[in-house]
């Protein structure tokens, strides 16, 4: 099967590892990380533009390395071939392997900000437009110092960098594709700087592997036939398809 993969760059390491093991022929286009932070209209515009560039005569289906992401994918329309996306609110579901596991961990651990190797590597891609970036949630002490100078940066980090509401913990999701422990160490250090707790959990490649190997169980994936479009379902299915 020939698949076109359009994916957020946050999954770069995971997708490349899965592509190497996949039984299908896969061509991939990565889009900048953080598009969900520029608003659903801005994200839809960029993802839809990538979809429209695909020469659909070369593929059997188009698969997306995305969740619904704040309705950023709502409205994407299949033309001549199906489009497939995970039933996921955001990327954390894909990192955890299922929406059910994500829900269990989320309910048991409120106030957690998740990080992965890809999240750290690519976090500055849309930094000027990113809402968390503008609010300082994803800025480290070094980021403040680089932007504002040694004394001002250190002061602003103390005043603003620890004021992110409702968060008190960084959790690093280890996916098994990291080159070394540098990203885990950075997350641990960032937690220490903010006075937050640190935790590491194991990720799960199941959804990513199934996405690329056309194992599209309807409970885990939405298959949008030609002439239909992606819409939020506002229930446990997350997304649904409706006639365009």
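Quick one: which helices (runs of 4 or more DSSP H) sit completely within region 146-244 and have at least 1 residues that are at pLDDT below 95, assigned by TED's automatic domain parsing to the domain that holds residue 117 and more than 21 Å from residue 112 (Cα to Cα)?
In region 146-244, the matching helices (runs of 4 or more DSSP H) lie at 150-156.
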Can you report the number of residues in region 6-59 which are more than 14 Å from the chain's Cα centre (by Cα) and farther than 17 Å from residue 90 by Cβ?
28
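With respect to residue 100, determine if the residue is assigned to a helix (DSSP H, G or I), within 25 Å of residue 121 (Cβ to Cβ) and either out of contact with any helix residue (DSSP H, G or I) (no Cβ under 7 Å at 6 or more places or on another chain) or assigned by TED's automatic domain parsing to the domain that holds residue 212 (or both). Working first, answer last.
Details: assigned to a helix (DSSP H, G or I): yes; within 25 Å of residue 121 (Cβ to Cβ): no; either out of contact with any helix residue (DSSP H, G or I) (no Cβ under 7 Å at 6 or more places or on another chain) or assigned by TED's automatic domain parsing to the domain that holds residue 212 (or both): yes.
Against the criterion (assigned to a helix (DSSP H, G or I), within 25 Å of residue 121 (Cβ to Cβ) and either out of contact with any helix residue (DSSP H, G or I) (no Cβ under 7 Å at 6 or more places or on another chain) or assigned by TED's automatic domain parsing to the domain that holds residue 212 (or both)), residue 100 does not qualify.
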Can you find a residue in region 83-93 that is over 17 Å from residue 8 (Cβ atoms) and either in contact with a strand residue (DSSP E or B) (Cβ under 8 Å, 6 or more places away or on another chain) or surrounded by fewer than 15 Cβ atoms within 10 Å (Cβ to Cβ) (or both)?
no
Kindly list the number of the only condition in (1) closer than 30 Å to residue 176 by Cα; (2) buried (at least 17 other Cβ atoms within 10 Å of the Cβ) that fails for residue 25.
(2)
Do we find a residue being in the same structural domain as residue 187 (by TED's automatic domain parsing), under 30 Å from residue 1 (Cα atoms), assigned to a helix (DSSP H, G or I) and at pLDDT 90 or above anywhere in region 110-117?
yes
Answer residue from region 1-15, given it is assigned to a helix (DSSP H, G or I) and in contact with a strand residue (DSSP E or B) (Cβ under 7 Å, 6 or more places away or on another chain) and is surrounded by the most Cβ atoms within 10 Å (Cβ to Cβ) among those
11
Determine whether residue 31 is under 29 Å from residue 177 (Cα atoms) and free of Cβ contacts under 8 Å to residues at least 60 places away in the same chain.
yes
Show the residue pairs that are 6+ apart or on different chains and have beta-carbon atoms under 8 Å apart, the first residue being within region 107-129 and more than 21 Å from residue 201 (Cα to Cα), the second being in a loop (DSSP other than H, G, I, E, B) and at pLDDT 90 or above.
125/32; 126/32
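How about region 59-73: which of its residues are surrounded by fewer than 19 Cβ atoms within 10 Å (Cβ to Cβ) and modelled with pLDDT of 95 or more? If you could, list the steps in order and put the result at the bottom.
We begin by selecting, within region 59-73, every residue surrounded by fewer than 19 Cβ atoms within 10 Å (Cβ to Cβ); these are 60, 70-71.
Selection gives 60 alone.
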Odd one out for residue 79 among (1) in a loop (DSSP other than H, G, I, E, B); (2) not assigned by TED's automatic domain parsing to the domain that holds residue 219:
(2)
Check region 30-51 and report whether any residue there is in contact with a strand residue (DSSP E or B) (Cβ under 7 Å, 6 or more places away or on another chain), closer than 12 Å to residue 4 by Cα and in a loop (DSSP other than H, G, I, E, B).
no
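The values are calculated or read from the model by the stated rules, or taken from the named source; none is laboratory data. None of these values were measured; they are calculated from a predicted model. Cβ: placed from backbone, ideal geometry, glycine included. Neighbour counts: every protein chain shown.
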